[in-house]
Amino acid sequence: MVHFLVYGVLGMMLVMLVRLTYVFNALAKKKEDKPEPYQNTLLNSQNLNYAALVLVIVLLVTYTYVVVKGTPYESHLMEWLNIIIRLMHLTFGIAWIGASFYFVFLENALNRTEDVRDELAGNLWAVHGGGFYYLEKYKVAPKTIPKHLHWFKYEAYFTWLSGFCLLFVVYYFNASAMLIDKNVLDISPWAGVGIGVGSFIVAWIIYDLMCKSPLIKKPLLFALVGFIIATGFAYFYAHVFSARAAYIHFGAMIGSIMVANVFFVIIPSQKIMVAAGKEGKAPDPTPGKNALARSLHNNYFTLPVLFVMISNHFPSTFGNPYSWAVLAGMSVGVAGVKHYLNLKEKGKYNIWILPISVVILLGVCFVTAPQKNTGECKPVSFVTANSIISQRCTPCHSSKPTDDVYTAPPNGVKFDTPDEIVKMKDKIMERAVITKTMPQNNKTSMTPEERDLLRCWIEQGAKTK
């Protein structure tokens, strides 16, 4: 009865807020000709309404989690939260990165010499989707600020918010299983969460101070120092968190710097320029230059972040003994590819940047290749292999897991029958033998001798008889 009342109240609040949002949107369209103060009041009301809407949804999800915690429905809820938030994060991320790529391309590809008016920095003709487009960039701002001005900011904000929520759902809510690896560092879940979130703040402060220092006037030195500091964070994460969590925190750290650039520098700079234009003053070009520099930094950050997003599917990266070095190498390699593309868009060609970047990426591939185990193998029966798998793997990978976290087999992988085990022999070799990334954080204490027995059984043909 209590649950019914709580859901009823929260549901009614949600319906009312949706209705209010609809009313505010209708008023905004109807009152477009009203004076500026009225528009600002209406906009603030809309923002408060959206914030309240998000808060009610969060309360609904939180209360649902409290209700199902400790029941068979907990795993189901977490799985669907993972799916929904991951989809949101991916969608908003595509929009944000797409905008970043497009506007940096636009800046690089502008015609700055032929038939360009004095007030313009350049222009560009383009064709897309069956239509022709003509774009102009002003040196500072137009004489009259247009009434309808689109701001590119919510893509960044919602990418970060959804990513931060995903960090909680996947790693922080199950910190003892997903975040903390006692073989790396034995700390409490709360300490791990605090270190993770705190590191994002520290990283932003360091980066922001670098941008405000004389170092910003020396791009090559700035990039070198930044890379060394980023590598330091990668090393730190690898010696505090589980391997997968270390990679995700590195990506989240860079993503947090990117969204902080938008929130603290890029958008405020644009607001300063718009406000000056509306007051009929000549805008100071300095804020615009600062915003452009931070936007360019974000552009270079995108590919390392994308690599981190997909790396969790490839244990040869995060599972390497020197995972932090692999992360650093991949980051500088993909950033180098982005630099080559940016130069190419400007019509500048450097014959060394792309080959060097490719060599770095291939070098990472080479050094992460598994070493061939030359140890001799005695005949290993399926009974022996199955005994190891039953003791170390099936607590999670079973149709009825006994693990205290997983109530359903992760990724649908089950080892209940001989056929299911043989079908996954290549994955067992990769995850349990070569990269040693399974069991998760070696939760079931699989020994090196057991891993070697599994290797021998697989190399001998993975026979069940």
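The values are calculated or read from the model by the stated rules, or taken from the named source; none is laboratory data. Just so it is clear, the model here is predicted, and its values are computed rather than measured. In this analysis, Cβ positions are derived from the backbone assuming ideal geometry, glycine residues included, and neighbour counts consider all displayed protein chains.
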Picking from F227, F200, F233, F222, which residue would you name as being touching a helix residue (DSSP H, G or I) at 6+ places or on another chain (Cβ under 7 Å) and in contact (Cβ under 8 Å) with a residue 60 or more places away in the chain? F227
Among (1) within 22 Å of I97 (Cα to Cα); (2) in contact with a Gly (Cβ under 6 Å, 6 or more places away or on another chain), A126 falls short only on (2)
I'd like to verify a number: residues in segment 137-162 that are outside any loop (DSSP other than H, G, I, E, B) and more than 30 Å from V58 (Cα to Cα), how many? 2
Quick one: which residue in G347, G319, G288 is in contact with an Asp or Glu (Cβ under 9 Å, 6 or more places away or on another chain) and small (G, A, S)? G319
Scan V380, V367, V405 and give me the residue that is within 30 Å of the chain's Cα centre (by Cα) and surrounded by 15 or more Cβ atoms within 10 Å (Cβ to Cβ). V405
When you go through (1) out of contact with any Leu (no Cβ under 7 Å at 6 or more places or on another chain); (2) modelled with pLDDT under 90 one by one for V380, which number turns out not to apply? (1)
Go through segment 341-376 residue by residue and tally those that are among the small types (G, A, S), more than 22 Å from L220 (Cβ to Cβ) and free of Cβ contacts under 8 Å to residues at least 60 places away in the same chain. 1
Pull up segment 275-305, narrow it to residues that are in a helix (DSSP H, G or I) and small (G, A, S), then point me to the one that is modelled with the lowest pLDDT. G277
Of the conditions (1) in a helix (DSSP H, G or I); (2) in contact with a Leu (Cβ under 9 Å, 6 or more places away or on another chain); (3) not assigned by TED's automatic domain parsing to the domain that holds K427, L361 fails just one. Which one is it? (2)
Looking only at segment 382-401, how many residues end up being among the β-branched types (V, I, T) and assigned to a loop (DSSP other than H, G, I, E, B)? 1
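One line per residue, one yes/no per condition, for (1) assigned to a helix (DSSP H, G or I); (2) among the acidic types (D, E); (3) farther than 30 Å from S445 by Cα; (4) at pLDDT below 95:
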{"residue": "G192", "(1), (2), (3), (4)": "yes, no, no, no"}
{"residue": "V202", "(1), (2), (3), (4)": "yes, no, yes, no"}
{"residue": "I205", "(1), (2), (3), (4)": "yes, no, yes, no"}
{"residue": "M210", "(1), (2), (3), (4)": "yes, no, yes, no"}
{"residue": "L224", "(1), (2), (3), (4)": "yes, no, yes, no"}
{"residue": "I229", "(1), (2), (3), (4)": "yes, no, yes, no"}
{"residue": "A234", "(1), (2), (3), (4)": "yes, no, no, no"}
{"residue": "Y237", "(1), (2), (3), (4)": "yes, no, no, no"}
{"residue": "F241", "(1), (2), (3), (4)": "no, no, no, no"}
Examine segment 409-416 for a residue that is farther than 13 Å from S390 by Cα, of a type outside the set (G, A, S), outside the structural domain of S323 (by TED's automatic domain parsing) and buried (at least 18 other Cβ atoms within 10 Å of the Cβ), and state whether such a residue exists. yes
Residues of segment 110-136 being touching a strand residue (DSSP E or B) at 6+ places or on another chain (Cβ under 6 Å) and either in a helix (DSSP H, G or I) or basic (K, R) (or both), which ones? R112
Select from segment 138-157 the residues that are more than 29 Å from the chain's Cα centre (by Cα) and charged (D, E, K, R) and write down the one among them that is surrounded by the most Cβ atoms within 10 Å (Cβ to Cβ). K139
